Structure formats: structure tokens, C-alpha cells
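Remarks on the structure that follows.
The values are calculated or read from the model by the stated rules, or taken from the named source; none is laboratory data. Please read these numbers as outputs of a predicted model, since none were measured by experiment. Cβ atoms come from the backbone with ideal geometry, glycine included; neighbour counts cover every protein chain shown. Accessible surface is based on the protein model in full, side chains and every heavy atom, while ligands, DNA and RNA are left aside. Shrake-Rupley method; radii C 1.70, N 1.55, O 1.52, S 1.80 Å.
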Amino acid sequence: MTSIDSVISFIKEQYKTESFIPLHVPHFGGNEKKYLLETIDSTFVSSVGAYVDQFEIMMQTITQTQKAVAVVNGTAAIQVALRLLGVKSGDEVLTQALTFVATANAIAYQNATPVFLDVDLDTMGLSPKAVSSFLEEFGELRQDACYNKKTGNKISACLPMHTFGFPVHLDELLAICNAWKIPLIEDAAESLGSEYKGKPTGSFGKLGAFSFNGNKIVTCGGGGAIVSNDHKLGEKGKYLTTTAKIPHPYEYVHDEMGYNFRMPNLNAALACAQLEQLSSFLENKRKLAREYESFFATSGIKFRTETPETKANYWLMCVELENKIERDLFLQTTNKNNVMTRPIWQLMYRLPMYTNCYRDEQVNAEFLEERIVNVPSSVR
């Protein structure tokens, strides 16, 4: 197997430094400062402003959707998307345990219960086979929707997450969800710029949710977006995230519980400048991925690559080690030598607040949990 020392040397060579190499940092090489200064000069720094509108138009274009809604972060985007599809207290949402905690938290914010199903080994995202198996055992189709015949709870949504920007098997998942009357929401927080069969992720489900956190491929410090091809649903999302305020020349009229979740114009200005560079970021990162792939090709370490008929943004690039012992040694040695690496997340049912949630056997998720490590993936 390629020695860890040679991996460290290769990564330092890619980033042309002997000092600390972080996992993923933003790259500000465009109009960021210009747009921020324009926003400050305009005095429109909060949730109303020209850049908020521009950001939404740009997101509609990039994701090929009919409506985009700018929100404060990716978690809020998922939570509001769940509410828009009618997810209520006591409902169940099918999702994956191998994910960042925000996916499960957003479900919990709606007082719904996550149902943790296994992932596919190739995508590291929610497995259509696992969803189908669960529904064949527990699903009950009624006239209005699908219910869990064991718990009696409505199964209100399916929420796959595109892990590290690798798209899940969307066609199969959608076919299963449509057959069982379960709407699908894409947690596309990590997959801006990724494609499935030539179409952008986020555009396949009823709704898609994106994140623009500081570590994402495009960032505005903190921010998120909801996208949809259902314009009416998108408009409802904008209304809910604007404190459910009904337009009026001067009165404050709110007719249901809403959220103060709109993205500030300052953040939107930064986001617009970053989105202008998305194509160059993607090209840069995909080039780095090819170089990683070539380097690891003759080693005993597997570099994870995109699946057929997809185009990944390679947000966080990752390797697969032989076992947990090898994984831990890799993590310890690289971090000790100023190369930041990290393991994939702990499975959600290992966290105290989700230990009582239903989960299937999780064979693939547990396999990946013990082996996957992220390596430095920043735009060079």
C-alpha cells in the first residue's frame, strides 16, 4: 500500500505548501469585495435588497428550476421544504443515517421522526433498494398517502442527501416514491454543480435544499436556498420565510406562523460573486480529483469517484481505507503532519437524540463509517 508519508507529500505538492493544509476553505477571487461595498453603500444590508433578488435568479438558472428562495442556511432550507410538503408532528420521514446532523435535525424541528435507511456503497447516499424493502415491509398505501402500518404514522417525505456532492440514484428513488405517494426532497446542501443524467441536483424532487456555509464549494458565510419547479410551492416558501407577512403598504399582517429565515442582502452579495465563479471552481476541483485518482490508482487506498451517468462537484474528496484501524492511523498521521483530514460522520442513530429512531441493518453505512476519510479539497 502507498505509505501515508507519500500521501502527505503528494497533498503538500498539490497545495504548494509545507504549512497547515485545511480540508476546505473558500476562494475569493472575483467580485466579492465590490458587491459587498455596493451593498453597504446602498444601506440595504438586511433581507431586502437587489442582491437577494439576483441570487434567487442565478440559483434558478444554475439548478434549472422555476423558483428559488434565499434563506439563512441549509438547515432552514430543509426544514421549510418539509413544512411546505405538509410534514407534521408525528409523521415519519425516510432518510439516511450516514449524513451530516442537519438532515436529521431539520426533520426533528418539524416534530417528525427520521427513519434511517441504508445507503448504497457506490453513492454513499440513500439506497433505493433499502427504501423499497422498508416500504414493502411497513408501507400501507391509503387513498391520501402512505402510512407505516406498524406505527400508524404517515410517511410524509423521503429525504436523500447527496453525500459529498455524489448524486444518489435519483431515477430509482423517484420511481419508488411516486409508486408509494411519498414526495421527495433533495438535501443538496453538498451538491451544488453536481449533475445526474445531465440535470442539476436539486431539480428532481418536489423541492431541493442547498447550503452556502463557509466550507461549501460556493459560500456566503452563512446561507441557503430552496428550489422547486413548482412555482406556487416556491412562492409559499418565500412567504413562510418572510415571517408569513401579507403585503400591505404599512400594516403588519401575518396570517400563520412563519420564520425570519430570509438571507440578508450582505450575504447575497457575496453569494452572487461566488456563483459567478462556480464553473471555474468545478473545473478546478474536478482537475484535482483526477490527480488524486491517478495518484491513488496504483496504491492500496481507494479514491472515491463519481458513478456512471453522474457528474460530481467533488465538494469533499475522500478515500476508502481497508478497515477502521487503517482509517485511524491515516487520520492520526496526516493531521499530525499539518494535513487536515477527517472521518465521515458518525451514523445518526449513534447520537443520543436519535438512538430510538427506527433503522434497518445499515450494512453499507457501517462499512463506510469505518473506512471513509475526507482529504483536502479546496480550490487551488
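Summary table below
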| quantity | calculated |
| --- | --- |
| Selection count, region 168-194, where residues are more than 17 Å from Leu117 (Cβ to Cβ) and part of a loop (DSSP other than H, G, I, E, B) | 8 |
| Residue satisfying condition, being in contact with a helix residue (DSSP H, G or I) (Cβ under 7 Å, 6 or more places away or on another chain) and open to solvent by less than 10 Å² (accessible area, probe 1.4 Å), within set Leu170, Leu233, Leu159 | Leu159 |
| Output for region 311-331, where each listed residue is part of a helix (DSSP H, G or I) and charged (D, E, K, R) | Lys324, Glu326, Arg327, Asp328 |
| Selected residue (criterion: nearest to Gly214 (Cα to Cα)) from residues of region 7-32 that are outside any loop (DSSP other than H, G, I, E, B) and without any contact (Cβ under 8 Å) to a residue 60 or more places away in the chain | Glu13 |
| Complete set of residues in region 303-325 that are over 23 Å from the mean Cα position of the chain (by Cα) and without any contact (Cβ under 8 Å) to a residue 40 or more places away in the chain | Ile325 |
| Tally, over region 332-354, of residues that are open to solvent by less than 60 Å² (accessible area, probe 1.4 Å), within 22 Å of Thr113 (Cβ to Cβ) and either acidic (Asp, Glu) or part of a loop (DSSP other than H, G, I, E, B) (or both) | 3 |
| Answer residue from region 3-20, given it is of a type outside the set (Ser, Thr, Tyr) and open to solvent by 40 Å² or more (accessible area, probe 1.4 Å) and is nearest to Leu321 (Cα to Cα) among those | Asp5 |
| Qualifying residue in region 67-74 (condition: open to solvent by 20 Å² or more (accessible area, probe 1.4 Å), modelled with pLDDT of 95 or more and in a loop (DSSP other than H, G, I, E, B)) | yes |
| Flag if Lys245 is of a type outside the set (Ser, Thr, Tyr), farther than 25 Å from Ser156 by Cβ and open to solvent by 60 Å² or more (accessible area, probe 1.4 Å) | yes |
| Looking only at region 255-283, and only at residues there that are out of contact with any Gly (no Cβ under 9 Å at 6 or more places or on another chain) and assigned to a helix (DSSP H, G or I), the one that is surrounded by the most Cβ atoms within 10 Å (Cβ to Cβ) | Cys272 |
| Flag if Arg286 is open to solvent by less than 20 Å² (accessible area, probe 1.4 Å), closer than 30 Å to Glu326 by Cα, touching a residue at least 12 places away in the same chain (Cβ under 8 Å) and within 23 Å of the chain's Cα centre (by Cα) | no |
| Residue within region 41-51 that is surrounded by 12 or more Cβ atoms within 10 Å (Cβ to Cβ), of a type in the set (Val, Ile, Thr), in contact (Cβ under 8 Å) with a residue 24 or more places away in the chain and part of a loop (DSSP other than H, G, I, E, B) present | yes |
| Residues located in region 358-380, provided they are in a loop (DSSP other than H, G, I, E, B) and under 19 Å from Ser127 (Cα atoms) | Tyr358, Asp360, Glu361, Gln362, Glu370, Arg371 |
| Some residue of region 217-225 being under 20 Å from Glu283 (Cβ atoms) and surrounded by fewer than 24 Cβ atoms within 10 Å (Cβ to Cβ) | yes |
| Residue, modelled with the lowest pLDDT, within region 293-330, restricted to residues that are open to solvent by less than 20 Å² (accessible area, probe 1.4 Å) and farther than 25 Å from His169 by Cβ | Ile301 |
| Breaking point among (1) surrounded by fewer than 19 Cβ atoms within 10 Å (Cβ to Cβ); (2) out of contact with any Leu (no Cβ under 8 Å at 6 or more places or on another chain), for Asp360 | (2) |
| Which listed residue, of Ile78, Ile57, is open to solvent by 20 Å² or more (accessible area, probe 1.4 Å) and outside any strand (DSSP E or B) | Ile57 |
